[in-house]
Amino acid sequence: MKIDFNVELINPLTEAPFEFEMKEGQKVKKYNPTLKTVAVESLSVLMTGEEMLSGLEKFKRGQLAVKINNAKEPLEVSVEEVALIKDITGKLYPPVTMAAIWGLLESLESPNKGPTLVEGTSGK
């Protein structure tokens, strides 16, 4: 499936782009994260409990991070790669951010379906 990782993440609570902060020396830079930003960041770090991750798994994650980072246009990714991105971002980001990430990935996997809503939510 092709995924455009340059899509901005939209906060499902406010329907506005998320605004993240990053320290650059003494300055704090604000930016609107994209699917690329969160996928590459997540694939590039080891979470607590992953210290003993195999070299092969680290290599695969690193290759996928580079592939996503270098993509200028929609990128062909496998179902397994999408599952890894969902799993890894879920370990790093809080629930509302994950709602945006997962909803976007699911809508890209099934464009006619749209994001999956949790029972009892209206999506607004």
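The values are calculated or read from the model by the stated rules, or taken from the named source; none is laboratory data. Keep in mind it's a predicted model, so treat the numbers as computed, not measured. Cβ atoms come from the backbone with ideal geometry, glycine included; neighbour counts cover every protein chain shown.
Is it the case that the stretch 99-107 has a residue that's part of a loop (DSSP other than H, G, I, E, B), at pLDDT below 90 and of a type in the set (S, T, N, Q)?
No, the conditions are met nowhere in the stretch 99-107.
Here are some conditions: (1) modelled with pLDDT under 90; (2) over 22 Å from residue 77 (Cβ atoms); (3) assigned to a loop (DSSP other than H, G, I, E, B); (4) aliphatic (A, V, I, L, M). Residue 47 meets all but one. Which one does it not meet?
The single condition residue 47 does not satisfy is (2).
Residue by residue, here is whether (1) of a type outside the set (A, V, I, L, M); (2) in contact (Cβ under 8 Å) with a residue 24 or more places away in the chain; (3) surrounded by 13 or more Cβ atoms within 10 Å (Cβ to Cβ); (4) out of contact with any Ser or Thr (no Cβ under 8 Å at 6 or more places or on another chain) holds:
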site	(1), (2), (3), (4)
7	no, yes, yes, no
12	yes, yes, yes, yes
19	yes, no, no, yes
24	yes, no, no, yes
28	no, no, no, yes
43	no, yes, yes, yes
57	yes, no, no, yes
63	yes, no, no, yes
67	yes, no, yes, yes
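Give the residues of the stretch 1-19 that are out of contact with any Lys or Arg (no Cβ under 7 Å at 6 or more places or on another chain) and either among the polar types (S, T, N, Q) or assigned to a strand (DSSP E or B) (or both), sorted by residue number.
Those that are out of contact with any Lys or Arg (no Cβ under 7 Å at 6 or more places or on another chain) and either among the polar types (S, T, N, Q) or assigned to a strand (DSSP E or B) (or both): 2, 3, 8, 10, 11, 14, 17.
For the stretch 30-37, check the following and say yes or no: at least one residue is among the β-branched types (Val, Ile, Thr), modelled with pLDDT of 90 or more and either within 28 Å of residue 1 (Cα to Cα) or in contact with a strand residue (DSSP E or B) (Cβ under 6 Å, 6 or more places away or on another chain) (or both).
Looking for residues that are among the β-branched types (Val, Ile, Thr), modelled with pLDDT of 90 or more and either within 28 Å of residue 1 (Cα to Cα) or in contact with a strand residue (DSSP E or B) (Cβ under 6 Å, 6 or more places away or on another chain) (or both), one finds at least one in the stretch 30-37, hence yes.
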